[in-house]
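Participant: Right, I'll just put the structure down here and ask away after.
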Amino acid sequence: MSIYIVLLGPPGAGKGTQAQIISGALRLPHISSGDIFRENLKNQTDLGKLAKGYIDRGELVPDDVTIAMIRERLSRPDCRDGALLDGFPRTPAQAQALDEMLVDFAGKVNAVPLIDVPEAVLVERLTGRWTCRANGHVFHEKFNPPAKPGICDQDGSELYQREDDKAETVTRRIRVYLEQTSPLIEYYRRQGVLLEVDGTQSIEKVTEDLLSALPRREA
Ligand code: ADP
Ligand code: ADP
């Protein structure tokens, strides 16, 4: 049976950072809805053009478009044994659609780590975030600086500051999380799959807590 893990938490909680670290240990592909949207923006696809206005405003892209995009991604061969989802689902309708589509993929949501961090910390994390152009690796100018300023440690590509990481848009995105995404905490708690992790700890400690709590694929 496939394993699906959903990383839940506000923007800036450290979902992408942790997913990049633990996806190898879990042997599950890291599927980030934000990265897929940004790839589409870069390539100026129809999906990218549709998503752009929402992303720039810090709002959610409509559910039907987002759900179809994730269904297509999860149906690819590299997700045969499951996936580590980062940034999806973000609304109750998306969570329900995920439950339904996983029936078709012979799986279910096995675990949902909630990485929690207070709002004041989130703003500082997001406004100081630097993202890699090639593969979306993330750094922080103070908390997780790259070895060479402006260059990604992993693949040598250029680091940039996301347009939607400016203070004004960050505040909007946190509000959107509280209004539209936080109801998923109760949804997954009721399913008995929620795991709470203290996201204010160091990156290394959060990784340790995640790896000790998460289910692994059989060898
Ligand atoms: P998310 O994917 O949840 O939006 P990111 O993983 O992109 O969050 O992290 C947001 C910013 O915070 C990045 O700049 C990252 O380097 C930094 N960061 C991530 N985890 C921690 C941590 N535990 N302590 C301090 N900074 C962190
Ligand atoms: P962060 O990790 O900082 O919260 P993401 O990279 O996950 O940011 O998302 C960036 C933007 O992409 C969101 O503000 C939203 O516009 C869009 N997006 C990403 N995932 C979803 C989703 N599941 N549903 C709707 N919109 C999404």
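Participant: Dipole size in debye (nearest 20) for the chain around its Cα centre, Lys and Arg Cβ +1, Asp and Glu Cβ -1? Numbers along the way, then the final one.
Facilitator: Values: 28 positive and 33 negative charges, 43 e Å.
The calculation lands at about 200 debye.
Participant: With a ≥ b ≥ c the root eigenvalues of the C-alpha gyration tensor of the chain, is it rounded (a/c under 1.5), prolate (a/b larger than b/c) or oblate?
Facilitator: rounded
Participant: Enumerate cysteines in the chain without a disulfide-compatible partner, where compatibility requires another Cys Cβ under 4.7 angstrom.
Facilitator: So far as the 4.7 Å Cβ criterion goes, Cys79 stand without a partner in the chain.
Participant: Which value, in Å² and to the nearest 10, is the accessible area of Glu72 when all protein chains are kept and the probe is 1.4 Å?
Facilitator: 90
Participant: Take the alpha carbon gyration tensor of the range 1-127, find the square roots of its eigenvalues, order them as a ≥ b ≥ c, and report rounded if a/c is under 1.5; if not, report prolate when a/b exceeds b/c, else oblate. Spell out each step's value before the answer.
Facilitator: On the way: a/c = 1.61, a/b = 1.13, b/c = 1.42.
Cα axes put the range 1-127 in the oblate bin.
Participant: Using alpha-carbon positions, what is the distance between the centroids of the range 1-65 and the range 189-211, in Å?
Facilitator: 19
Participant: Another question, then. Tell me, what is the percent relative contact order of the chain, built from C-alpha pairs under 8 Å that lie six or more residues apart?
Facilitator: Working: 329 pairs, mean separation 67.3, N = 219.
That works out to 31 percent.
Participant: Still on this structure, please answer the following. Put +1 on the Cβ of each Lys and Arg and -1 on the Cβ of each Asp and Glu in the range 133-219; which of Thr169, Ser157, Phe139 then has its Cα farthest toward the positive end of the dipole?
Facilitator: Going by the charge dipole, the pick is Thr169.
The values are calculated or read from the model by the stated rules, or taken from the named source; none is laboratory data. What you see is a predicted model; the values in this text were computed from it and never measured. Cβ coordinates were reconstructed from backbone atoms using ideal geometry, including for glycine residues, and neighbour counts include every protein chain displayed. Remember, those area values only see protein heavy atoms, side chains included, never the ligands or the DNA or RNA. Shrake-Rupley method; radii C 1.70, N 1.55, O 1.52, S 1.80 Å.
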